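Working notes for the structure below.
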2 protein chains.
Amino acid sequence: MAGVSTATVSRALQSPNIVSEKTRNAVFDAVAETGYSVNTAAQMLRRNRAGTVLVILPDIANPFFSKILSGIEEVATQANLTILIGNTNGEDERFANILENLRNGRADGALLLNGRAPPADLVPDGVPILSISERIDSNTIPHVGTDNVKAAYDATTHLLSMGHRSIVHVTGPQGNSLTKDRCGGYFAAMIDAGLEDEAATIAGGFTFQDGKRVAEILLAEHQSSTAAFCANDESAMGVIRGLQEAGVNVPGEFSVMGFDDVPFAAIFQPELTTVHQARNLIGKRAMETLLAMLENSPAPTGPAFLVHDIVTRQSTAQLLEPQLTGRRIE
Amino acid sequence: MAGVSTATVSRALQSPNIVSEKTRNAVFDAVAETGYSVNTAAQMLRRNRAGTVLVILPDIANPFFSKILSGIEEVATQANLTILIGNTNGEDERFANILENLRNGRADGALLLNGRAPPADLVPDGVPILSISERIDSNTIPHVGTDNVKAAYDATTHLLSMGHRSIVHVTGPQGNSLTKDRCGGYFAAMIDAGLEDEAATIAGGFTFQDGKRVAEILLAEHQSSTAAFCANDESAMGVIRGLQEAGVNVPGEFSVMGFDDVPFAAIFQPELTTVHQARNLIGKRAMETLLAMLENSPAPTGPAFLVHDIVTRQSTAQLLEPQLTGRRIE
DNA sequence: CTGAAAGCGCTTACAG
DNA sequence: CTGAAAGCGCTTACAG
């Protein structure tokens, strides 16, 4: 030791400015020499704070989440908070087990990316939680994400502006709030354009295979349509591939739009026209919001929506003649 | 309380079989009723164990790592261990800050996916660490991953078996152990085939853009070559796209192989022939090994290599005539 | 099989 | 500005 009490060491380390300069230096020197590091467990116990936030997601390996995660991580690191990952794998039991970390004090708050409301009794009073990306149908949990209704409205409007009228919406999986919101935005745009009679959906999903399956339905049952707006990029790519395999030229004969703007959307051929979600920013904003909640700032009311963009690439084209005729756009 | 001491509650919860059945039930009932949960901080402090492993990676958002991460997570969850993520972003300072978690007791051991040796003084004695995927040049740190030398040898041999002789190797980024190993395997295969004079490399990288850049070099300086083996899938896709844009048919006129087998390799056109790495398994095996080390089992000696496979898809074809003529394989 | 007691390493009113 | 002391909530020899 450096000739002072443990109390003073603690003070020198936690609030350097309340001890004398001499003491401070002595302590810092001793720390440097011994390689001392505060014991986090004791600190947590004493402070009744873990300095950790729980991030709950359905699938870590899904790049969509990991990009958001990296935004979360950036802000957390700056705030000197640690991140605890919980992978639910879509299972309620694992979800419940993960939430246990809130009760046992391993985490001070949680960020929910899995779109499910946590059973109320598993979240201790006063522990802040926040949903990200996928809304939770509950007006008590703050939310950060894209305005999916508006983004889907904008995407549909984009196809409309290219002259398409018979636009099919390929939905996401059932029961997902993203599916609902994007579907709602699509219908709103069609109705506003006076095209409610043309509006049609095909039940899809979020995978490439879902898209390929949908392509067959599109070919069999929607011969008069000239464009599809898909609930995400992967399914859009599946639709395009399925169409191509059946000899349909995209966008020459049929336009397809996705949603998300995953990195691969720009590499796929044709490069995918899609809705860009600022995933890194969503993560950052969410973490900043949770940080504020942890510091007892008033909880934000209503969802915080981040800006989205329509990214026009090659999979959509102007509709020149009434049906099945488009031309590649540059 | 349920009429017993805290000592007995602790015993009932931690080692149910050393207390009487009556006591055990009373405790469990009380726990269920009150929603009691042990305080992790106190437990950590008392046991001198965090029940957490630190996972250090250069970029969480990279799907390559997140797949390994999900394997790690599976095993950790089963073992009732928690995962703490550290994102180095390739910065030594962040790396050092993250390693602090080993000294302050927040984590009991670490899994290194970032390919850098930790400064020795930052890893307390007796704390187990393990490198994954990217070897660390040090014989003191156990390793789990793919045998990159052998896998590259096999990949090159695969092209050789298709009749190619003038095969170029597109390397990964400089200074990376994966780059070295894959390059070494390539040369070994060329030498074993008596083709050391044909062996040639182009300095590449791990991104799509790197691949596109390499395609130009390939066209300008390697006109007699008929195939390329790239250090990873992304760069292989970049090479293919660059070649296609210059009017070269892949695999009709030129074959390209990648490495990794990322999900997109099967969606890209042409579907990519590549080396499959069992990333989930690598994560699982690594976590299992660390688990054993944490339980004081003897540390494994030498690297543990997992099986890889050559996945033949559409980007490679049999070489029929000496040069620039291939035929698509089915 | 169970309880009383000590102690893990911090932080923070409380004095001075 | 600093020290002595209490206490955060557990676990585990030690008795019995």
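The values are calculated or read from the model by the stated rules, or taken from the named source; none is laboratory data. None of these values were measured; they are calculated from a predicted model. Cβ sites come from the backbone with ideal geometry, for glycine too, and all protein chains shown count toward neighbours. Remember, those area values only see protein heavy atoms, side chains included, never the ligands or the DNA or RNA. Shrake-Rupley method; radii C 1.70, N 1.55, O 1.52, S 1.80 Å.
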Quiz prompt | Options A:N80, A:N97: the member that is in the same structural domain as A:E295 (by TED's automatic domain parsing) and at positive phi | solution = A:N80
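Does A:N101 count as under 28 Å from B:A32 (Cα atoms) and modelled with pLDDT under 95? Give the derivation first.
Details: under 28 Å from B:A32 (Cα atoms): yes; modelled with pLDDT under 95: no.
For A:N101, the condition - under 28 Å from B:A32 (Cα atoms) and modelled with pLDDT under 95 - is not met.
Table: residues versus (1) within 19 Å of B:T77 (Cα to Cα); (2) more than 11 Å from DNA strand D (Cβ to nearest atom).
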position	(1), (2)
B:T23	no, yes
B:A26	no, yes
B:A30	no, yes
B:E33	no, yes
B:Y36	no, no
B:A50	yes, yes
B:V53	yes, yes
B:D59	no, yes
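Tell me the residue from B:T289, B:T301 that is surrounded by 18 or more Cβ atoms within 10 Å (Cβ to Cβ) and either at negative phi or of a type in the set (D, E) (or both), please. Give the steps one after another, and end with the answer.
Numbers: B:T301 fails: surrounded by 18 or more Cβ atoms within 10 Å (Cβ to Cβ).
Only one candidate qualifies: B:T289.
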Quiz item: Here are some conditions: (1) open to solvent by less than 70 Å² (accessible area, probe 1.4 Å); (2) over 34 Å from the mean Cα position of the chain (by Cα). B:S70 meets all but one. Which one does it not meet?
Solution: (2)
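Pick from B:P119, B:P173: which is within 14 Å of another protein chain (Cβ to nearest Cβ) and either at positive phi or surrounded by fewer than 19 Cβ atoms within 10 Å (Cβ to Cβ) (or both)?
Numbers: B:P173 fails: within 14 Å of another protein chain (Cβ to nearest Cβ).
Going through B:P119, B:P173 in turn, the sole match is B:P119.
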Self-check item: Filter result (away from DNA strand C (no atom under 13 Å from the Cβ) and assigned to a loop (DSSP other than H, G, I, E, B)) within the range B:8-63
Solution: B:G35, B:Y36, B:S37, B:G51, B:P58, B:D59, B:I60, B:A61, B:N62
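With the requirement that a residue be in a loop (DSSP other than H, G, I, E, B) and open to solvent by less than 60 Å² (accessible area, probe 1.4 Å), what does the range A:91-116 give you? Before you say what the answer is, go through the steps one by one.
Step one: filter the range A:91-116 for residues in a loop (DSSP other than H, G, I, E, B), giving A:91, A:104-108, A:113-116.
Result: A:N104, A:G105, A:R106, A:A107, A:D108, A:L113, A:N114, A:G115.
Residues in the range B:34-53: is at least one within 18 Å of B:G283 (Cβ to Cβ), more than 10 Å from chain A (Cβ to nearest Cβ) and not hydroxyl-bearing (S, T, Y)?
Within the range B:34-53, the subset within 18 Å of B:G283 (Cβ to Cβ) is B:52-53.
Filter again for more than 10 Å from chain A (Cβ to nearest Cβ), leaving B:53.
After this cut, where a residue has to be not hydroxyl-bearing (S, T, Y) as well, the list is B:53.
Within the range B:34-53, one or more residues are within 18 Å of B:G283 (Cβ to Cβ), more than 10 Å from chain A (Cβ to nearest Cβ) and not hydroxyl-bearing (S, T, Y).
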Quiz item: Quick one: would you say A:L130 is open to solvent by less than 30 Å² (accessible area, probe 1.4 Å), under 19 Å from the mean Cα position of the chain (by Cα) and among the hydrophobic types (A, V, I, L, M, F, W, C)?
Solution: yes
Self-check item: Qualifying residue in the range B:46-67 (condition: more than 13 Å from A:A61 (Cβ to Cβ), open to solvent by 70 Å² or more (accessible area, probe 1.4 Å) and either among the acidic types (D, E) or in contact with a strand residue (DSSP E or B) (Cβ under 9 Å, 6 or more places away or on another chain) (or both))
Solution: no
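Which residue out of B:V75, B:V19 is in contact with a helix residue (DSSP H, G or I) (Cβ under 7 Å, 6 or more places away or on another chain), free of Cβ contacts under 8 Å to residues at least 40 places away in the same chain and surrounded by fewer than 21 Cβ atoms within 10 Å (Cβ to Cβ)?
Working: B:V75 fails: free of Cβ contacts under 8 Å to residues at least 40 places away in the same chain.
Exactly one residue qualifies, and that residue is B:V19.
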Exercise. Quickly run through the range B:64-90 and pick out the residues that are more than 7 Å from chain A (Cβ to nearest Cβ) and in a strand (DSSP E or B).
Key: B:G86
Quiz item: Going by the structure shown, is A:L102 away from DNA strand D (no atom under 16 Å from the Cβ), under 20 Å from B:Q43 (Cα atoms), touching a residue at least 12 places away in the same chain (Cβ under 8 Å) and not β-branched (V, I, T)?
Solution: no
Quiz item: Would it be correct to say that B:D154 is more than 26 Å from A:K67 (Cα to Cα), in a loop (DSSP other than H, G, I, E, B) and of a type in the set (D, E, K, R)?
Solution: no
Quiz item: Can you pull out the residues in the range A:5-19 that are within 8 Å of DNA strand D (Cβ to nearest atom) and more than 19 Å from A:M44 (Cβ to Cβ)?
Solution: A:S5, A:T8, A:A12, A:N17, A:I18, A:V19
Practice problem: Among residues belonging to the range B:257-292 that are assigned to a strand (DSSP E or B) and over 15 Å from the mean Cα position of the chain (by Cα), point out the one that is farthest from B:R313 (Cα to Cα). | Solution: B:M257
